[in-house]
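Readers should treat all values here as calculations from the given coordinates under stated rules, not as data from a laboratory. Just so it is clear, the model here is predicted, and its values are computed rather than measured. Ideal geometry is used to build each Cβ from the backbone, glycine not excepted, and the neighbour counts take in all protein chains shown.
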Amino acid sequence: MLYTTDQGSGTEILWIHGYPLSSRIFAKQLEIPGVRHIVPDLPGFGRSATPDHDMTVDDYARALLKLLGERKVQRAYVAGLSMGGYIALALARLVPERMRGLILIDTKETADTPEARQGRYESVEKVKSAGVRPVVDAMLPKMLMPSAPLSLVEEVRAIMTSSTAAGVMTALKAMAERPDSTALLPHLDMRTLVIVGDGDTITPPADAARMAAAIPNAKLVTIESAAHLSNMEKPDEFNKAVQLFVT
């Protein structure tokens, strides 16, 4: 069972958080009016139970599809940030008929390079020996702009450190082995919004531009003065873009 916030009424948006984060990153998006926000914690993150077995990106997607069924949602916009974007693309491949549209946030379509894959497995070993803190310490500076308020930095740190070791290791292995979605993009016939922070160094604006160019019916929005968590750093601009897209 995935811990899930289900709030509001109207057009459904399934919000899928990134790694190593939780549904709390979408707190400001709950303010978007006219939307039913369905916001789960992935297994081992936030308040969801720790996974007891390895999962693939498709396994995460199927867990979310089951969640939509439990919530009696036939079709929804699917919004995924970073790792959540990988899962959103998996849903677009597996069940496009269940999607009203796709919102890809600070993410990319390509698989890991061999070097990146090796780095993920090295991170798995670090988590085994030292817990999640080394992962948090390495990733936190990349999540936000250097000018981000200390209060926001500490909020993101708290969200990241709430992750379980099992959840982090499972996600790392799933991302390392995820399929490349490049060939999928030209075949997406759903409305798509691609959002990226102009200061994102994890999945830079070039990644977003490449995806938007490859998807037939895609719109690209660049959020100024924001990094990987563009929805948290610039919630007003982000929410306006999403609201215009879904209403």
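Report summary: the helix-based calculation at 222 nm, which adds -39500 (n - 2.57) for every DSSP H run with n ≥ 4 and divides by the residues of the chain, gives -13000 deg cm²/dmol. Here segment 33-132 is treated with +1 on each Lys and Arg Cβ and -1 on each Asp and Glu Cβ, and its dipole about the Cα centre works out to around 540 debye.
Enclosing the Cα atoms of segment 1-119 in their convex hull gives a volume equal to 105 cubic angstrom per residue.
Using a cut-off of 26 Å between Cα atoms, the listed pairs K108/K219; K72/K108; K142/K234; K108/K173 include K72/K108 as exceeding that distance. Amide H contacts of R100 (H built 1.01 Å from N, in plane; Pro and chain starts excluded): A76, Y77, V78 sit under 5 Å, all sequence-distant by 5 or more or on other chains.
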